[in-house]
Every structure is written in structure tokens, then in C-alpha cells.
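The structure appears right after this line, and notes come after that.
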Amino acid sequence: MLIAGNHRFVVRTAGHVMGPEVLGSIEYGVSVLGCPLVVVLGHDSCGAVAAARAAVTDSATAEGYVRDVIERVTPSILASRAAGHTKDADFIADHVRSSVDLLLDRSRALSEAVAVGRTAVVGLTYRLTDGAVQPVTVRGLDTETDAAA
């Protein structure tokens with residue numbers, strides 16, 4: 001989600017998968033609309049993370065473009081497992097963190113907006129049952145932080 005003044009510009013994809021159309025949409029929000037905040041919002045019960053985790057642990061496969069989503073989420077799952085994580089919340093937080101890093105790595109327009117202080121990127125996790133939000137990572141603003149998951 002990108003926020004500009006009182007308006008929200010929302011780009012939603014399964015598993016925060018970023019193709020050219022998503023990156024272009026985010027760059028439009030930041031460069032043209034002047035959105036000062038980009039939010040990468042993960043949530044519990046994330047089907048993309050669960051499917052990628054099943055692909056890694058159980059060799060589960062999917063067909064069509066669902067498989068593409070799973071393949072793009074899998075590196076986050078592998079990194080999280082390598083870090084010793086075993087809980088769904090950790091996998092989701094690690095994927096949000098990875099998505100923020102990838103977004104800034106792939107979008108020069110966004111990374112430049114963050115570097116000059118015009119935009120910030122925040123990674124959050126959201127608990128569906130009660131609406132609780134947990135910060136995961138912040139890039140931009142006054143400081144860059146990486147919250148412990």
C-alpha cells in the first residue's frame with residue numbers, strides 16, 4: 001500500500017510477488033503521486049508462504065502461475081529455515097523483510113526516493129483475528145531499523 005496525503009494507492013499481490021507491473025505501479029505512486037510511504041503488509045495465514053513452505057518441506061507442487069508465486073516466495077522460506085526459524089510467524093516476518101529489501105533493490109526510483117528522505121518503506125505483519133500490527137522493518141524516515149521477529 002502506498003499512502004499520499006489522505007489517499008491510498010493499493011497494489012496487492014499474493015506473496016508480495018513483484019513483477020514489472022507491480023514495480024511500475026509502486027514507482028508511479030511514489031514518483032508521480034508523491035506517496036511518502038510504502039507499506040509491505042504480510043499477514044498470518046498467508047497462503048503463498050504456506051504453499052512455499054510446503055514446497056520446501058514436503059516437495060508439494062502447484063500448477064500454472066500459482067507455481068510461479070511459490071517459486072518467488074521460496075527463497076525467503078529457505079533463508080528463514082537456514083536461520084533456524086520454525087514458526088509460521090517467523091517465516092512471514094522474514095518474507096516481509098526480504099520483500100522490502102527486494103523492492104528497494106529492484107526499484108531505483110524507490111531507493112532514490114528513500115535515500116533523499118522523500119519516501120519510507122515499512123514492512124509490517126498483520127494478525128487477521130484481532131487486527132494487531134507488528135513492525136518488521138523500516139527503510140527511510142530518520143533511521144532504518146530491523147525489528148526482531
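Here the label points at GLU21 and ALA83, each 7 Å from Cα along the C-beta direction, are separated by 3.1 nm in the simple model.
Relative to the longest principal axis of the Cα atoms of the chain, the long axis of helix 47-58 makes an angle of roughly 40 degrees. The largest-to-smallest principal axis extents of the Cα set in the range 2-146 are 44, 30, 28 Å. Close amide-amide hydrogen proximity is noted between GLY123 and VAL40, VAL136, THR137, VAL138, ARG139, each under 5 Å apart and 5 or more residues distant or on a separate chain (H modeled in the peptide plane; Pro and chain starts excluded). Take the range 1-78, drop everything but the C-alpha atoms, weight them equally and run the Debye formula without solvent; then report log10 I(q)/I(0) at 0.23 Å⁻¹ to two decimals. For the range 1-78, the Cα-only Debye profile gives -0.99. With loop membership from DSSP and a limit of 15 other Cβ atoms within 10 Å, the longest segment of the chain without trypsin sites (Lys or Arg not before Pro) is 13-86.
Can you give the angle from 0 to 90° between the axis of helix 88-106 and the longest principal axis of the chain, with both taken from C-alpha atoms, to the nearest 10? Long axis of 88-106 versus the principal axis of the chain: about 50 degrees. With both labels modelled 7 Å from their Cα along Cα-to-Cβ, the SER111 to ASP68 distance reads 2.4 nm.
Throughout, read-outs are computed from the coordinates displayed, never taken from laboratory work. Predicted model, so just to flag it, every value in this text is computed and none were measured. No Cβ is skipped: glycine too gets one built from the backbone with ideal geometry, and neighbour counts run over all protein chains shown.
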